[in-house]
There are 2 protein chains.
Amino acid sequence: MPNSSHSRAEFTARYLVESSVPIAKAAEVIAGEQSSGTFLALPGETDALKERARARVIKVESLPPALDASLHSAFVERKEPAEIFYRGEIEIAFPVDNVGANLQQLLATVAGNLFELGEITGLRLLDIQLLEHHAKRFAGPRFGIEGTRHAAGVYGRPLIGTIIKPSIGLLPDQTAQIVDDLCAANIDFIKDDELLADPAYASFDARLAAVMPVLHRHADRMGRMPMYAINISGTIDEMLRRHDQVLEAGGNCVMVNVNWVGFSGVEHLRRHTQLPIHGHRNGWGALTRCPQLGFSFDAYQKLWRLAGIDHLHVNGIRSKFWEPDASVLDSARACLTPFAGVQPLMPVFSSGQWASQAPDMFAALQTVDLMHLAGGGIIGHPQGIAAGVSSMREAWEAAVEGIDLDTYARTRPALRAALSHFNAI
Amino acid sequence: MPNSSHSRAEFTARYLVESSVPIAKAAEVIAGEQSSGTFLALPGETDALKERARARVIKVESLPPALDASLHSAFVERKEPAEIFYRGEIEIAFPVDNVGANLQQLLATVAGNLFELGEITGLRLLDIQLLEHHAKRFAGPRFGIEGTRHAAGVYGRPLIGTIIKPSIGLLPDQTAQIVDDLCAANIDFIKDDELLADPAYASFDARLAAVMPVLHRHADRMGRMPMYAINISGTIDEMLRRHDQVLEAGGNCVMVNVNWVGFSGVEHLRRHTQLPIHGHRNGWGALTRCPQLGFSFDAYQKLWRLAGIDHLHVNGIRSKFWEPDASVLDSARACLTPFAGVQPLMPVFSSGQWASQAPDMFAALQTVDLMHLAGGGIIGHPQGIAAGVSSMREAWEAAVEGIDLDTYARTRPALRAALSHFNAI
């Protein structure tokens, strides 16, 4: 855990490590490389400098070693041929003063060159911890869950939503027609696909102009504005301009592809935003699918939480993606768990979703503070889109009331049709 | 290769793929997911829409399959238990119109959700290709190799440089003292460590103020300004302000941690910059060390080249990092290879470097258009820093002239001392 009573304030990073050298030594190598040390003793690394800047190893827990390296290292072959590869979990404390409120430097510190060290044959950032007074120096989510509910006018239940499909290729008036159909079904939330931002045949401006009158017309009828996460990913200038266009047009959400906009871009948007930021994590698989490398979602969501998004995708249970259901649910829990006084994120479930997942999600999470997005589960409902939305809402009612879906469906035709149709697929 | 004669312009991405389904099918799944298709047939995916937006599989080459999945997929276990995992190389062509000059959307397309698809148990982006008229729409390097040489006043040989150590913890006047010592040795290039940007005890402003008079004093003497890559990584506002401070103070380079600033941030800096941008890739290991996942350097350097950095780190041969020497040299070649009319990047070699690597580097690359950074190899030279710098220059002279180092060292004490000292370590 971070230190505040020590003479210096610290933040910590916890790692899964595999190395050709014993774990305690590997931990010292990492702590040195990621602060004031190096592989050689340095004349300039005085005691005063170490007290200011040197990282400290605060935990070393050994795990059973492996006979083969998880990740190849030419350095090990050349310098220190190993018969076993040590494994363990370590935690390192870094001085807050090294990075301050600079998120880019926090990342260079906890997730920088250490992934490439020659002695290291596996390294995964499992978690980070910050002190509240440190975390407070970052922007954090501006809207979070409460602000999102306020903007969407949806309370006491999940936001039921969908992604406009086909992902890319629709013309603006085709998009507006689909939005019209979805709003007619009283949907809570609509988003662009992550692939769609500003294609030549359906520019951002044209899409916004086509879609907003439709949203307003339904908002007047429904008494709430359906939330539309329009993808503004692009350059800084494009994102700010598009944010302002959405705001001026009466929209209530913007979406960004966080990994490809990057931390500086998302932080900049956050400082400017007057709308909740829907964070799409496409590309995340490259950072997490190798279990001995990269990032855990626990650490990842904290970093984006500091940057200031409001929603973050977590896949869905029984989805078309690789991720085990337990991992999906853990990710949602991570978004919702207190972290150094920074607002929680609203987790976004999607991929292969329909009414059936609601009871499992509620049983595991005991909350309705989430977005549940279904494509085929809404648009492919045999009785139409409105019934698709109803079936999702009814499933959540049943889940919260603790009634099994089949029982609840007896008096609810939309849910009943969903169960009989999608269970047969 | 990208298509220009077809009725639509395209860009392409090449992947290494492993999948529970045959490679040709996996390729179609990816092409669909990353454009207008999905796992279900969509009523809206008309022929006209497909012609506009649908990606095309243009190459499928099978490789020997594997009996075990490289990456775990709960989807495979649940939906399509597999006895073998197909492997192959595929190439997919995407319509330029889907992304235009939006780098964030290009990334979401070639490196987005596809890493997470359930049928996929391995996926690595090997390369991308763009047409010249497409690539021209991105900013690209402003200075490149020629502009860097002009700013540094160094021609016809590599830029010999070092990284200020200890990495972090020095006070501004201590940093200035080290810079003074390095400049007195007629060094070409100095950089901040990637960990150092704006620590509480050595703020960017204080460091800049301490260092610039020293650089100017030596520039007056040397007739060229030693290039100092000062790390400006941070928020957009901080980076622009610091760039302007460096420029106003007469500095000639800025450095950013590209992965953590991100693409939108680096693009924004590029549009603003009047100084070469030194790109540090810390965190890169997380994206590349698993051979069945993530990014090859070929693709990675092209993406940052489009964004507009001028220099990019490639590790060093016989370094303290994991990377095999052949891979390091391939990375440098990639930076120097023509790509759709976009300027080459100056590759930056560092980690464990001293005079000895020069002949191998020149033999492999046949160029001196690179930076060669040595820490201990310069500062740890037994005859002092000036001899350290001289030994590196002499080694490159020998390499270019095709004379072996021992022979060349006979009349050159600095190189001779380097060989006898560092070879014994």
Task: Residue among A:Pro213, A:Pro199 that alone is under 23 Å from B:Glu33 (Cβ atoms) and either in the same structural domain as A:Asn252 (by TED's automatic domain parsing) or assigned to a helix (DSSP H, G or I) (or both) - done: A:Pro199
Open item on the list: Between a residue in region A:113-128 that is under 9 Å from B:Phe321 (Cα atoms) and any residue that is in a strand (DSSP E or B) and among the aromatic types (Phe, Trp, Tyr), which pairs come within a Cβ distance under 6 Å, given they are 6 or more apart or on different chains?
Closed with: A:Glu116/B:Phe321; A:Gly118/B:Phe321
TODO: May I ask you to say which residue of A:Asp198, A:Asp220 is of a type in the set (D, E, K, R) and under 24 Å from the mean Cα position of the chain (by Cα)?
DONE: A:Asp198
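Taking region B:221-239 only, how many residues are charged (D, E, K, R) and within 14 Å of chain A (Cβ to nearest Cβ)?
2
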TODO: All but one of (1) under 20 Å from the mean Cα position of the chain (by Cα); (2) within 14 Å of another protein chain (Cβ to nearest Cβ) hold for B:Gln129, so report the exception by its number.
DONE: (2)
Task: One residue from B:Asp181, B:Asp188 being touching a Gly at 6+ places or on another chain (Cβ under 6 Å) and within 18 Å of B:Ala219 (Cα to Cα) - done: B:Asp188
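Quick one: in region A:83-100, of everything that is in contact with a strand residue (DSSP E or B) (Cβ under 7 Å, 6 or more places away or on another chain) and β-branched (Val, Ile, Thr), which residue is surrounded by the fewest Cβ atoms within 10 Å (Cβ to Cβ)?
If we filter region A:83-100 for residues that are in contact with a strand residue (DSSP E or B) (Cβ under 7 Å, 6 or more places away or on another chain), which is where we start, we get A:84-96.
Among the residues that remain, those that are also β-branched (Val, Ile, Thr) are: A:84, A:90, A:92, A:96.
On the way: A:Ile84: 13, A:Ile90: 25, A:Ile92: 25, A:Val96: 23.
The residue in question is A:Ile84.
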Open item on the list: For region B:146-166, give me each residue that is among the hydrophobic types (A, V, I, L, M, F, W, C) and within 14 Å of another protein chain (Cβ to nearest Cβ).
Closed with: B:Ile163, B:Ile164
Task: Among (1) part of a loop (DSSP other than H, G, I, E, B); (2) over 15 Å from the mean Cα position of the chain (by Cα), the one test that A:Ala326 misses - done: (1)
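Test B:Arg242 against the stated conditions and say whether it is among the basic types (Lys, Arg), in contact (Cβ under 8 Å) with a residue 12 or more places away in the chain and within 14 Å of chain A (Cβ to nearest Cβ).
So B:Arg242 passes the test.
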Task: Complete set of residues in region A:234-264 that are under 16 Å from the mean Cα position of the chain (by Cα) and at negative phi - done: A:Val254, A:Met255, A:Val256, A:Asn257, A:Val258, A:Asn259, A:Trp260, A:Val261, A:Phe263
TODO: Name every residue in region B:167-187 that is more than 10 Å from chain A (Cβ to nearest Cβ), in a loop (DSSP other than H, G, I, E, B) and surrounded by fewer than 23 Cβ atoms within 10 Å (Cβ to Cβ), in order of residue number.
DONE: B:Ala185, B:Asn186
Open item on the list: Quick check on my filter: what residues within region A:371-396 are crowded, with 24+ Cβ neighbours inside 10 Å and away from chain B (no Cβ under 14 Å)?
Closed with: A:Met371, A:His372, A:Val389, A:Ser390, A:Ser391, A:Met392, A:Ala395
Open item on the list: Just the residues that are in a helix (DSSP H, G or I) and either more than 7 Å from chain A (Cβ to nearest Cβ) or out of contact with any strand residue (DSSP E or B) (no Cβ under 9 Å at 6 or more places or on another chain) (or both), please, taken from region B:111-126.
Closed with: B:Leu114
Task: Selection from region A:72-82 of residues that are surrounded by 16 or more Cβ atoms within 10 Å (Cβ to Cβ) and in contact with a Gly (Cβ under 9 Å, 6 or more places away or on another chain) - done: A:Ser73, A:Ala74, A:Phe75, A:Val76
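Of all residues in region A:221-245, how many are farther than 21 Å from B:Glu267 by Cα, in contact with a strand residue (DSSP E or B) (Cβ under 8 Å, 6 or more places away or on another chain) and surrounded by fewer than 24 Cβ atoms within 10 Å (Cβ to Cβ)?
0
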Task: Residue under evaluation A:Leu312, criteria (1) over 20 Å from A:Val110 (Cα atoms); (2) within 9 Å of chain B (Cβ to nearest Cβ); (3) buried (at least 24 other Cβ atoms within 10 Å of the Cβ), criterion not met - done: (2)
TODO: Could you tell me whether region B:280-297 includes any residue that is outside any helix (DSSP H, G or I), aliphatic (A, V, I, L, M) and within 14 Å of chain A (Cβ to nearest Cβ)?
DONE: yes
Task: Residue count, region B:45-71 (criterion: loosely packed, with under 15 Cβ neighbours inside 10 Å and assigned to a loop (DSSP other than H, G, I, E, B)) - done: 2
Task: Failed item, numbered, when A:Pro141 is tested on (1) surrounded by fewer than 24 Cβ atoms within 10 Å (Cβ to Cβ); (2) part of a loop (DSSP other than H, G, I, E, B) - done: (1)
- [ ] Could you tell me which numbered condition B:Ala101 fails, if it satisfies all but one of (1) within 28 Å of the chain's Cα centre (by Cα); (2) closer than 30 Å to A:Arg242 by Cα; (3) not in a loop (DSSP other than H, G, I, E, B)?
- [x] (3)
Open item on the list: Criterion first (among the aliphatic types (A, V, I, L, M) and under 20 Å from B:Ile277 (Cα atoms)) does B:Ala334 satisfy it?
Closed with: yes
Task: Scope region A:358-396; condition touching a residue at least 12 places away in the same chain (Cβ under 8 Å) and on the phi > 0 side of the Ramachandran plot; matching residues - done: A:Gly384
TODO: Filter region B:251-272 down to the residues that are assigned to a loop (DSSP other than H, G, I, E, B) and in contact with a helix residue (DSSP H, G or I) (Cβ under 6 Å, 6 or more places away or on another chain), then identify the one that is farthest from B:His134 (Cα to Cα).
DONE: B:Asn252
Task: Criterion (farther than 30 Å from B:Ser356 by Cα, in a loop (DSSP other than H, G, I, E, B) and either of a type in the set (Asp, Glu) or within 14 Å of chain A (Cβ to nearest Cβ) (or both)) met by exactly one of B:Ala82, B:Ala108 - done: B:Ala82
Open item on the list: Taking the conditions exactly as written (within 14 Å of chain B (Cβ to nearest Cβ) and over 22 Å from B:Ala31 (Cα atoms)), does A:Ile190 satisfy them or not?
Closed with: no
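The values are calculated or read from the model by the stated rules, or taken from the named source; none is laboratory data. For clarity, every value in this text was computed on a predicted model and none was experimentally measured. Note that each Cβ is placed from the backbone with ideal geometry, even for glycine, and that neighbours are counted across all protein chains shown.
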